[in-house]
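Working notes for the structure below.
Please treat every number below as a calculation from the coordinates, not as lab data. Remember, predicted model here, so these are calculated numbers, not experimental data. Methodologically, a virtual Cβ is constructed for each residue, glycine included, from the backbone with ideal geometry; neighbour enumeration extends over all protein chains shown.
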There are 2 protein chains.
Amino acid sequence: MRRIFIKDLLAEEMTIAGTDAHHIMHVLRAKLGQKLIVVDAAQQIAETEICAFGTDHLTVKCLRRIEAATEAPIEVTLLQCLPKGDKMDFIVQKAVELGVSQIVPVVSANCVVKYDAAKRLARQKKWQKIAEEAAKQCGRTIQPAVLAVTNLKEVLENLEGSASFMCYEGAADEPLQDFLAKKQAKCFAVLIGPEGGFTPAEVALCQQHGVQTVTMGPRILRTETASLVALSIVLYEKGDLGGRSK
Amino acid sequence: MRRIFIKDLLAEEMTIAGTDAHHIMHVLRAKLGQKLIVVDAAQQIAETEICAFGTDHLTVKCLRRIEAATEAPIEVTLLQCLPKGDKMDFIVQKAVELGVSQIVPVVSANCVVKYDAAKRLARQKKWQKIAEEAAKQCGRTIQPAVLAVTNLKEVLENLEGSASFMCYEGAADEPLQDFLAKKQAKCFAVLIGPEGGFTPAEVALCQQHGVQTVTMGPRILRTETASLVALSIVLYEKGDLGGRSK
């Protein structure tokens, strides 16, 4: 069933406008009586059915509330240094399916792509849209935010409150599992480098800001693979994705 | 450093021919003295340097042996039902980075793509090539095999010796972590359905063949995401990808 996120709270009747209405009316060509899942601003979910069409909006009526806990028991922020090409599109989609809370696109020394201010904004909007589509598709009750493209230094200055870690290739570092066993935090932040990795100066700066360097095994993971593995494992260890709740 | 797999054992001097030689000579335009990593049929690794060029081959001499354990402590087979489009290319690449031992492309009732015998063979060859490239890139010492496209029934009849599980959406099944905690096997097999999932009859057949149905959490994962999460978690739990060795 199609899933719609609304900005208000559930009510007996609700109006849906904007791109969602356009999509339902003109792409899906929905008919009166068709059922839709509506998720409200407080993550409440209801099964609804279409009871009226306007020129650019439609009205649905609430049939029943649905109890569904699809969110992970922890919040994980992905701090993803900008990868080449359109890999970020892929990372955003998969991270949302895996259960990420928010995504910060990060600029670090070895990032190959350079965006000017206009392009940064355009990309952020595009990634936000991908995140919203993925949230609908996989049955989430929040729409994870993709924040503005931010420089590494600024990201590091705003990490407070999160247990943060980065995967640093080649270092004889702590296995990720040891780090996760020690950290009973509710908020985690995962920092993933670009294709060229981090410079030694960047690694030192991250460590000064409390980011723990950990290892994810002996093979060289591409940046997009590293993000997905790190997210899968932290969410799993903390009781999501088939891990036992702790 | 470029990584080459050879079919023989390491020797003081070795000849490299075929597509590897072509790639090194005409694409990378390597020069005399350039260093290459050579991995032999017994997973032994050496740093070598190019000491001579022929018309369609080159000769390298062994500089030193390298000790590198980049393989996971368990063997995992991915039984991947054929997904739509070119998603299988992506799954093969990522599965090899994650540490899979072999991949079996599986035909099940809800697979949308239908390949005739010629296309099956062509695809298998293409996926094998992707697997080999990924193995070189991420520093593995084996080249995981992509087997022939096989029907689900036949796959199930050949599972003996592996602890096998499938992710079955919606079932009130055992969390993946409980399953992994019980199974001290050295060989695992992960069965992942196509976009449309498995039919109830297929699930029953899988269970009859000893495949455990497990849950990977409350969200709906796309087929390619489910594969990567399942592989990440089983390898992690068994001491790879930053998991503690058991």
Item to check | the protein assembly as shown - share of DSSP beta bridges that are antiparallel (%, nearest 5) | outcome: 40
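What's the exposure ranking of A:Arg29, B:Arg219, A:Arg120, going from fewest to most Cβ atoms within 10 Å?
Numbers: A:Arg29 8, B:Arg219 23, A:Arg120 17.
By the 10 Å Cβ count, ascending, the order reads A:Arg29, A:Arg120, B:Arg219.
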Checklist entry - Any idea what the B:Asp178 label distances to the other copies are, label 7 Å down the Cα→Cβ vector, nm, shortest first? => result 3.2
Checklist outcome for this item: For the axis mapping B onto A, the chain B residue whose beta carbon sits nearest, plus its rounded distance in angstrom, comes out as B:Ser232, 2
Item to check | Antiparallel content of DSSP bridges confined to chain B, in %, to 5 | outcome: 40
Next on the checklist: Strictly over 24 Å apart at the Cα level, which of B:Lys87/B:Lys136; B:Lys87/B:Lys182; B:Lys35/B:Lys238; A:Lys94/A:Lys238; B:Lys84/B:Lys119; B:Lys35/B:Lys126 would you flag in this model?
Outcome noted: B:Lys87/B:Lys182; B:Lys35/B:Lys238; B:Lys35/B:Lys126
Checklist outcome for this item: Among A:Pro73, A:Pro218, A:Pro144, the residue with the largest mean-square fluctuation in a Gaussian network model of chain A built from Cα contacts under 10 Å is A:Pro218
Item to check | GNM top mover of A:Val92, A:Val203, A:Val146 - chain A, alpha-carbon springs below 10 Å | outcome: A:Val203
Next on the checklist: For chain B, set up a GNM with springs between Cα atoms under 10 Å and report which of B:Ala181, B:Ala135, B:Ala41 has the largest fluctuation.
Outcome noted: B:Ala181
Item to check | Anchor A:Lys183: aspartates and glutamates whose Cα lies under 17 Å away (excluding residues fewer than 8 positions away in-chain) | outcome: A:Glu75, A:Glu160, A:Asp173, A:Glu174, A:Glu237, A:Asp240
Checklist outcome for this item: Taking the label point 7 Å from Cα along the Cα-Cβ vector, the copy-to-copy distances for B:Ala117, listed from shortest in nm with one decimal, are 6.6
Checklist outcome for this item: Sorting from shortest, the nanometre distances separating the label point of B:Phe53 (7 Å past Cα along the line to Cβ) from those of the same residue in the other copies are 6.8
Item to check | Unit charges on C-beta of K, R, D, E only; dipole of region A:1-136, Debye | outcome: 600
Checklist entry - In region B:1-108, what percentage of the DSSP-assigned beta bridges are antiparallel, given to the nearest 5? => result 70
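Below 8 Å between Cα atoms, with a sequence gap of 6+, how large is the relative contact order for region A:151-246 in percent?
Numbers: 97 pairs, mean separation 32.8, N = 96.
34 percent.
By counting other Cβ atoms within 10 Å of each Cβ, how are B:Ile142, B:Ile66, B:Ile91, A:Ile74 ranked from fewest to most? Don't skip to the end; give the middle numbers.
Values: B:Ile142 17, B:Ile66 13, B:Ile91 26, A:Ile74 21.
So the ranking, lowest neighbour count to highest, is B:Ile66, B:Ile142, A:Ile74, B:Ile91.
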Item to check | Relative contact order of chain A, defined on C-alpha pairs under 8 angstrom at six or more residues apart (%) | outcome: 20
Checklist outcome for this item: For A:Lys7, the aspartates and glutamates lying under 20 Å Cα to Cα, once residues fewer than eight places off in the same chain are dropped, come out as A:Asp20, A:Asp40, A:Glu47, A:Glu49, A:Asp56, A:Glu67, A:Glu71, A:Glu132, A:Glu133
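Give the relative contact order (percent, whole number) for region B:3-66; include only Cα pairs under 8 Å separated by 6+ residues. If you can, show how the numbers build up before the last one.
Working: 127 pairs, mean separation 25.1, N = 64.
Once normalised by length, the contact order is 39 percent.
Under the definition of partner shielding as Cβ atoms of other protein chains within 10 Å of a residue Cβ, what is the mean value for peptide A:60-73?
Details: counts 0, 0, 0, 0, 0, 0, 0, 0, 1, 1, 4, 2, 3, 0.
Per-residue shielding by partner chains comes out at 1.
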